[in-house]
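Structure first, commentary second.
The values are calculated or read from the model by the stated rules, or taken from the named source; none is laboratory data. No experiment lies behind these values; they were computed from the predicted model shown. For neighbour counting, all protein chains shown are included, and Cβ atoms are generated from backbone atoms with ideal geometry for every residue, glycine included.
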Amino acid sequence: MFPAVRPRRLRRSSALRGLVRETRLTPESLIYPLFVRHGEGVRNEIPSMPGQYHFSPDSLVDEVGAAHQEGVRAVLLFGLPESKDAEGSESWSATGAVQLAVAKLKQNFDDLVVATDVCLCEYTDHGHCGLIAGGAAAATGEVDNDRTLPLLARSAVSHAKAGADLIAPSDMMDGRIGALRDALDAEGFESTPILSYAAKYASAYYGPFREAADSAPQFGDRRSYQMDPANADEALREVALDLDEGADIVMVKPALAYLDVIRRVRERFEVPIAAYNVSGEYSMLVAAAERGWIDRERTVLETLTSIRRAGADMILTYHAREAARLLNG
């Protein structure tokens, strides 16, 4: 076929490449994860995640305002409590950091999607995502699935009451989507959608996040409730179950080591799909760029484009502001 067919013809200029580009990355497809804690004027950098911060609700407004001007229209909030207990009770407090931050953001932005993470790990004194089972199971950190569901539901309802636009449960308890859907509907929030962490793997890439959210387990690990990294068919079953229970959007987490899973979910389900470009993925890129080993700007956009190309409609990424600035040129 050569020389009649020359694919390089359509690569000769930036304008031509843009004209035939198959995958589009835009600021509107990005969700910016943020960490909020009590106080005023707080903006403390997270050591393991350079460029990311703990914010108080007032300083969070400034950060989100800057991101909004750059074209980012969605954020995801994680909360750090003032105190912790075995149940994680501050997760459903009306005066919790997330609840206060949601209300403040909704007062300041009309066209911002405010999503909230629903999990107990940041709020429990043991660092697990639910109530610890009794008896011999307690020593291994086994979580009591069914007793945890009502607590997650209380947290979700408290976020909705504060004004959250999107509820995002990350705990990986079986049946939690149905429990949250029932609780939200019963409280009059039947129009509040759920973004389910449907295929969340027990990944080593979460390391920096556990410092950022102060959520490392005090004993045991999370492999009994988060997914085995070796499994992909199971991800499809998890997604199907969450959709049956009422999930509106499903997520694969992490993103880069699970691009194949994103693609399989994309091919099986005609629903909105999110992917989480997690803390370890972020910090590795930043560290390599700081050492001059990679071109940071090009690598950020290439990374996020690969996640979109795999099939994600939206990407949760700590690079959101940086990527938006680059895309806006």
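Overview of values
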quantity: Whichever residue in the range 180-194 is of a type outside the set (Phe, Trp, Tyr) and in contact with a strand residue (DSSP E or B) (Cβ under 9 Å, 6 or more places away or on another chain) and, among such residues, is nearest to VAL239 (Cα to Cα); calculated: ILE194
quantity: Enumeration of residues in the range 85-105 that are under 22 Å from the mean Cα position of the chain (by Cα) and within 19 Å of GLN218 (Cα to Cα); calculated: GLY88, SER89, GLU90, SER91
quantity: Filter result (surrounded by fewer than 18 Cβ atoms within 10 Å (Cβ to Cβ), of a type in the set (Gly, Ala, Ser) and without any contact (Cβ under 8 Å) to a residue 60 or more places away in the chain) within the range 78-109; calculated: SER83, ALA86
quantity: Pairs where the first residue, in the range 184-211, is free of Cβ contacts under 8 Å to residues at least 24 places away in the same chain and the second is of a type outside the set (S, T, N, Q) and assigned to a helix (DSSP H, G or I), C-beta under 7 Å, 6+ apart; calculated: GLU190/LEU184
quantity: Top-ranked residue of the range 1-51 - restricted to ones that are acidic (Asp, Glu), in contact (Cβ under 8 Å) with a residue 12 or more places away in the chain and exposed (fewer than 12 other Cβ atoms within 10 Å of the Cβ), ranked as farthest from LEU195 (Cα to Cα); calculated: GLU40
quantity: Checklist (1) at pLDDT 95 or above; (2) closer than 27 Å to ALA275 by Cβ applied to GLY207, failing item; calculated: (1)
quantity: Filter result (acidic (Asp, Glu) and either buried (at least 18 other Cβ atoms within 10 Å of the Cβ) or closer than 13 Å to LEU195 by Cβ (or both)) within the range 232-262; calculated: GLU238, ASP242, GLU245, ASP248
quantity: Filter result for GLY65 (modelled with pLDDT of 95 or more and in contact with a Lys or Arg (Cβ under 8 Å, 6 or more places away or on another chain)); calculated: no
quantity: Residue count for the range 52-67, restricted to those that are surrounded by fewer than 20 Cβ atoms within 10 Å (Cβ to Cβ), under 21 Å from GLY163 (Cβ atoms) and under 18 Å from the mean Cα position of the chain (by Cα); calculated: 1
quantity: Filter result for the condition that a residue is buried (at least 16 other Cβ atoms within 10 Å of the Cβ) and under 28 Å from ALA66 (Cα atoms), over ASN277, ASN328; calculated: ASN277
quantity: Pairs, first more than 20 Å from GLY280 (Cα to Cα) in the range 314-329, second assigned to a helix (DSSP H, G or I) and not charged (D, E, K, R), C-beta under 9 Å, six or more apart; calculated: ALA324/PRO27; ALA324/ALA67; ARG325/PRO27; LEU326/VAL300; LEU326/LEU301; LEU327/PRO27; LEU327/LEU301; ASN328/PRO27
quantity: Any hit, the range 211-221, residues being closer than 30 Å to ASP125 by Cα and under 14 Å from the mean Cα position of the chain (by Cα); calculated: yes
quantity: The range 220-234 residues that are in contact (Cβ under 8 Å) with a residue 24 or more places away in the chain, paired with ones that are among the β-branched types (Val, Ile, Thr) and surrounded by fewer than 16 Cβ atoms within 10 Å (Cβ to Cβ) (beta carbon under 6 Å, 6 or more apart); calculated: GLY220/THR140
quantity: Residue ID - farthest from ALA101 (Cα to Cα), chosen from residues in the range 21-53 that are in contact with an Asp or Glu (Cβ under 9 Å, 6 or more places away or on another chain) and among the basic types (Lys, Arg); calculated: ARG43
quantity: Helices (runs of 4 or more DSSP H) within the range 246-329 that include 3 or more residues more than 30 Å from ALA216 (Cβ to Cβ), modelled with pLDDT of 95 or more and out of contact with any Asp or Glu (no Cβ under 7 Å at 6 or more places or on another chain); calculated: 259-268, 296-310
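Residues are listed down the side, and each one gets a yes or a no for (1) in contact with a strand residue (DSSP E or B) (Cβ under 7 Å, 6 or more places away or on another chain); (2) of a type in the set (Ser, Thr, Tyr):
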| site | (1), (2) |
| --- | --- |
| ALA275 | yes, no |
| VAL278 | yes, no |
| SER283 | no, yes |
| ALA287 | no, no |
| ILE294 | no, no |
| THR305 | no, yes |
| LEU316 | yes, no |
| ALA324 | yes, no |
